[in-house]
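A short write-up of the structure that comes next.
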Amino acid sequence: MIPAVALAIAAFLVVFLVVPVGAVFYTAFSTGSGGFTLTHFASFFQISLMRESFWNSLYVAGMSVVFSTLIAVPLAYFTVRFRFRGALLIQTLGVLPLIMPPFVGAVAMQLIFGRSGSVNLLLQEHFGFTIPVMQGLTGVIFVETLHYFPFILLNLVAALQNIDGAMEESAQNLGASGLRLFRRIVFPLAMPGYVAGASLVFVKVFDDLGTPLVLGTTNMLAPQAYLRVTSVGVEDPIGYVISVIMIAFSVAALWMSARILKGRDYSTLQRGGTSLQRRTLTPWQTAFAYFWIAIVLLVVLAPHIGILLMSFSKVWSFSVLPEGFTLEHYKTVLVQSPHMIGNTLLYCGLAAFIDVIVGTAIAYIILRTKVPGRQALDWVAAAPLAIPGIVLGIGYLRTFKGLEMPFTQTAFAATWIALMIALAVRRLPYAVRACMAALTQLHVSLEEAAENLGATKASTVRRVVVPLMAGGILAGFVTSFITAAVELAATLVLSTSADQAPMSYGIYLYMQSIAGRGPGAALSVLAVVIVGLGTYASYRFTNRGDTWKQ
């Protein structure tokens, strides 16, 4: 039975992941008659807009990593290594940007930091100058940095907490202190966490489609891939060349993060959480640290504040704050777009359900069986991490072109089923990792005991393994659900009408016009509430899972 399940999962991944991505590669490297060619890549680099987009994407991703580092490293170091009131609250607030889609935050940031935004109006009135942080590529870097720096913060906090405090104290006894102590001892030992977070920031920013589109910056690779496919058509090879380049750089970033750490030993004999003596700052240092953290958190939470104000504002233009408040935008959304909320719950719920079913099966096959090819199954299931949503969407359009749903005469790629499956495939790695973590902590002797008492393998899995994995499975479901709810790239490519669209597509449509920004903000607030509730549920499920294991 288990080999049959493994084959079924492999078939699912081949049809909905390997073949679509393979079709993208095949089209990028093939002539019209099926031969191999690099002509399309040569054509890509002969187009000045493509060369400009290529370098702009690298520049934006690289600079976003730099500025994310400047925010996350001090925030993590201060709250972990020093006695700090409210350290946990500061770390929690620092992670909040992740529950809002970056393209939603981009609109709010325009109202607050744009040319006629609140901050620049105040600066112009009181100091006679403005700061152009929301113009062109600078605006994209600004928004991406504020949205994705928590990846570095989360990983770095965990890495710092695992450092043996005795090593830091030994360095202090030998005379190291301040910046030298951080540069020579602390940061090198925390390097695995930093590298993991920085590589995620690079990949996420390099592949992001929504933020550049909302800010009107189309001279980047992801917007160009979307515009080429939607305006020129799925036969245009340049769109496929862009897709291959995006996958190559995503894989290269993840490979380099592993390469940097290869051959170096970061292990310590004792984890730092219990033995670490937190240092005390002087009053002046404490005041400066709190002031700096307050400024950072105020900027970081600005998108949330801005989108909330916009959702209640009657008019907000060329003024520091909205001119009057109303609930009309929420009424508009609930009258015009309740189906988008329902579509989001339906698509993301089904996608997350598929993910936990497949993820649980993959975890069991890898950790509890010796089925041939199980390691390859793990690699393929993790591959969507390096595949941008727009590339998968383009692959679906190419692969399933001409395929119709039975009895409907509707193209498969134009149905909500294709979008739902694409969301499931994109978020599968999260569910697989959550299920594997849960099963790893479940001792095999429990299953052996059940089988010794006469239970069959299937009965043991159903009545022992799955119930004890419930915490991890639920956490995987919620994680897949909330990340699918804010997916825009694949949604833009595969959504064919507003009637079938989820909330992320609706937010994007509303935000395309000035009049639609109020309802778009209201829909964004509802999306953030759903994602926030899902994040809280994931936290509760994870903790409950830990309790069960204890």
> 222 nm [θ] for the chain, helices only, -39500 (n - 2.57) per DSSP H run of 4+, per residue, to 500?
Replying inline: -22500 deg cm²/dmol
> To one decimal place, what Kirkwood hydrodynamic radius in Å is obtained for region 77-139 from all pairs of distinct Cα atoms?
Replying inline: 14.0 Å
> For the modelled label position 7 Å from the Cα of Tyr59 along Cα-to-Cβ, which residues of region 201-216 have backbone nitrogen atoms closer than 19 Å?
Replying inline: 202-203, 205-209, 211-216
> Gain in length, Val15 to Thr286, computed as 0.36 nm per residue apart minus the alpha-carbon separation, to one decimal in nm?
Replying inline: 91.9 nm
>> Just to be sure I follow the rule: in the chain, considering lysines 8 or more places apart or on different chains, how many pairs have Cα atoms under 26 Å apart?
In response: 5
> What is the gain in length, in nm to one decimal, between Met191 and Ser116 on full extension, counting 0.36 nm per residue of separation less the C-alpha to C-alpha distance?
Replying inline: 22.9 nm
> What is the Å³ per residue value for the convex hull set by the Cα atoms of region 400-519?
Replying inline: 151 Å³
> What order, most packed first, do the peptides 105-116, 506-517 have when packing is the mean number of other Cβ atoms within 10 Å of each residue?
Replying inline: 105-116, 506-517
>> So if the hydrodynamic radius of region 1-150 is defined as the Kirkwood radius over C-alpha pairs, what does Stokes-Einstein give as its diffusion coefficient at 4 °C and 1.567 mPa s, in µm² per second?
In response: 64 µm²/s
> Accessible area, 1.4 Å probe, largest first: how do Arg374, Arg427 sort?
Replying inline: Arg374, Arg427
> Averaged per residue, what accessible area in Å² does the chain show with a 1.4 Å probe, protein chains only?
Replying inline: 46 Å²
> Counting only the backbone N, which residues of region 287-323 are under 16 Å from the spot 7 Å out from the Cα of Leu179 toward its beta-carbon?
Replying inline: none
>> Tell me whether region 101-229 comes out rounded, prolate or oblate; compute the Cα gyration tensor, take square roots of the eigenvalues as a ≥ b ≥ c, and use a/c under 1.5 as the rounded threshold.
In response: oblate
>> Between Thr369 and Trp255, what is the label-point separation in nm under the 7 Å Cα-to-beta-carbon projection?
In response: 3.1 nm
> Quick one: Debye curve from the C-alpha atoms of the chain, no solvent, what's log10 I(q)/I(0) at q = 0.05, 0.06 Å⁻¹?
Replying inline: -0.22, -0.33
>> Let me check against my output: what whole-number percent is the relative contact order of region 37-325, with C-alpha pairs under 8 Å and at least 6 apart?
In response: 30 percent
> From largest to smallest, what semi-axes in whole angstrom does region 183-253 give when each is the square root of 5 times an eigenvalue of its alpha carbon gyration tensor?
Replying inline: 33, 14, 6
>> Counting each pair of different Cα atoms once, what's the Kirkwood radius of region 37-325 in Å, rounded to one decimal?
In response: 21.2 Å
> Residue by residue, what Karplus-based ³J(HN,Hα) values in Hz, rounded to whole numbers, does region 51-57 have, using 6.51, -1.76 and 1.60 with θ = phi - 60° and x for Gly and Pro?
Replying inline: 4, 4, 5, 4, 5, 4, 5
> Between Glu328 and Ala294, how many nm apart are label points set 7 Å from Cα along the C-beta direction?
Replying inline: 3.7 nm
> Using the beta-carbon distance between Ala515 and Thr218 and R0 = 22 Å, what value does 1/(1 + (r/R0)^6) give for FRET efficiency, to the nearest 0.05?
Replying inline: 0.45
> Once fully extended, how much extra length lies between Ala449 and Phe45, figured as 0.36 nm per residue of separation less the alpha-carbon to alpha-carbon distance?
Replying inline: 139.2 nm
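The values are calculated or read from the model by the stated rules, or taken from the named source; none is laboratory data. What you are looking at is a predicted structure, and each value in this text was computed from that prediction instead of being measured. Glycine also receives a Cβ, built like all others from the backbone with ideal geometry; neighbour counts cover every protein chain displayed. For the accessible areas, the whole protein counts, side chains as well, though only heavy atoms, and no ligand, DNA or RNA atoms are used. Shrake-Rupley method; radii C 1.70, N 1.55, O 1.52, S 1.80 Å.
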